[in-house]
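These notes are about the structure you will find just below.
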Amino acid sequence: MNTIEDLKEGRIPAHLAIIMDGNGRWAKQRGKLRVFGHENGVQSVRDAVETSGKLGIKYLTLYAFSTENWNRPKLEIDSLMSLLVASLRKEVKTLHKNNIRLNAIGRIDSLPRKVLRQLNEVMEQTRQNTAMTLTLALSYGSREELTSAFKAIASKVKNNIISPDNIDETIINDHLYTHNLPDVDLLIRTSGEHRISNFLLWQIAYAELYFTETFWPDFREEHLLEAIKSYQNRERRFGKTSEQIH
Ligand code: IPE
Ligand code: IPE
Ligand code: MG
């Protein structure tokens with residue numbers, strides 16, 4: 001059994017990112033509509049935020065809605081958006097009480113107005129909080145993020161604000177939605193799919209990857225602790241040899 005106390009003796013990821021997948025299949029297994037899976041996934045989000053807080057994780061980033069997810073049936077998109085508004089409204093107090101700052105990445109301006117309004121309200125209310133930054137990836141796609149960054153940089157080059165010779169990794173990083181977040185240390189994907197689905201391609205360059213068969217609505221503290229345990233058993237070499245690390 002992994003306990004939070006034991007794990008805290010070891011290395012804790014500064015930035016944990018999660019691809020929360022499998023809500024639809026979880027619901028289907030129970031003979032229910034996909035939206036039932038999304039509704040039950042909300043408790044897993046609460047659980048992940050709480051456990052991450054207890055572990056002392058400073059940055060938690062959750063993939064909630066991708067640019068590709070706009071291609072789903074309208075009914076499913078509408079219920080996801082309503083669920084988002086309701087959850088934000090319900091959780092703002094708890095977030096604030098736990099000193100958590102809410103942040104969002106993605107084409108935020110493409111979200112329905114009611115979502116945008118609620119999101120901005122919670123971000124504003126929690127702006128000063130310092131224990132953890134909880135980032136929701138909404139209407140997020142890594143290629144879209146990189147494309148926007150390159151466009152912004154190109155325009156600065158054109159206006160002589162940046163010289164092409166000075167473009168480096170820091171400048172690219174500064175133009176991403178994640179400019180105020182560190183690189184991802186650990187990426188978890190639930191539901192047995194072994195793919196990245198256009199999530200944080202630049203930011204996971206050296207992340208440890210963890211895949212689990214568990215569907216997102218079943219993902220609880222014990223599963224997260226298992227992932228952290230696996231992370232602690234990895235040797236992160238960043239290109240060096242094992243001997244250089246020790
Ligand atoms: C993840 O679960 C939630 C979102 C993508 C919004 P899915 O809805 O993708 O569920 P599956 O993968 O179809 O089971
Ligand atoms: C990735 O899950 C996006 C989110 C978890 C929000 P998907 O279910 O949309 O990914 P694919 O389509 O299986 O790659
Ligand atoms: Mg899925």
Only loop residues by DSSP count here, and only those with at most 12 other Cβ atoms within 10 Å; note down the GluC sites (Glu not before Pro) in the range 174-246 that meet that.
Glu213, Glu235
Is there a quick way to get the dipole size of the chain? I mean about its Cα centre, with the Cβ of Lys and Arg at +1 and of Asp and Glu at -1; what is the value in debye to the nearest 20?
820 debye
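Quickly estimate the mean residue ellipticity at 222 nm for the chain, helices only: each DSSP H run with n ≥ 4 gives -39500 (n - 2.57), and the total goes over all residues, rounded to 500. Don't jump to the answer; show the numbers that get you there.
Details: 9 runs with 110 residues, N = 246.
So the helix-based figure for the chain works out to -14000 deg cm²/dmol.
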Mind ranking Asp47, Asp168 by accessible surface for me, highest first, 1.4 Å probe?
Asp168, Asp47
For the range 134-246, what does the relative contact order come out to in percent, with C-alpha contacts under 8 Å and a separation of six or more?
23 percent
Please list, in order along the range 38-49, the HN-Hα scalar couplings obtained from phi with the Karplus expression 6.51 cos²θ - 1.76 cosθ + 1.60 (θ = phi - 60°), rounded to whole Hz, x for Gly and Pro.
5, 4, 6, x, 4, 5, 5, 5, 4, 4, 5, 5
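Classify the range 131-213 as rounded, prolate or oblate from the Cα gyration tensor: take a ≥ b ≥ c as the square roots of its eigenvalues, call it rounded if a/c is under 1.5, otherwise prolate when a/b beats b/c and oblate if not.
Prolate shape, in that a/c is at least 1.5 and a/b is the bigger ratio.
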Quick one: compute the contact order of the chain, relative version, from alpha carbon pairs under 8 angstrom and 6+ residues apart, as a percent.
28 percent
Could you tell me the extents of the chain's C-alpha atoms along the three principal axes, largest first, rounded to whole Å?
57, 51, 35
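Pick out, in residue order, every one of the trypsin sites (Lys or Arg not before Pro) in the range 116-183 that is DSSP loop and has at most 15 other C-beta atoms within 10 Å; say none if there are none. The partial results should precede the final answer.
Working: sites: Arg117, Arg127, Arg143, Lys151, Lys156, Lys158; in loops: Arg127.
In loop regions of the range 116-183 (DSSP not H, G, I, E or B), the sparsely surrounded trypsin sites (Lys or Arg not before Pro) are Arg127.
The values are calculated or read from the model by the stated rules, or taken from the named source; none is laboratory data. Since the model is a prediction, treat every value here as computed from it, not as a measurement. Don't worry about glycine lacking a Cβ; one is built from the backbone with ideal geometry, like all the others, and counts go over all protein chains shown. All accessible areas refer to the heavy atoms of the entire protein, side chains included, with ligands and DNA or RNA removed. Shrake-Rupley method; radii C 1.70, N 1.55, O 1.52, S 1.80 Å.
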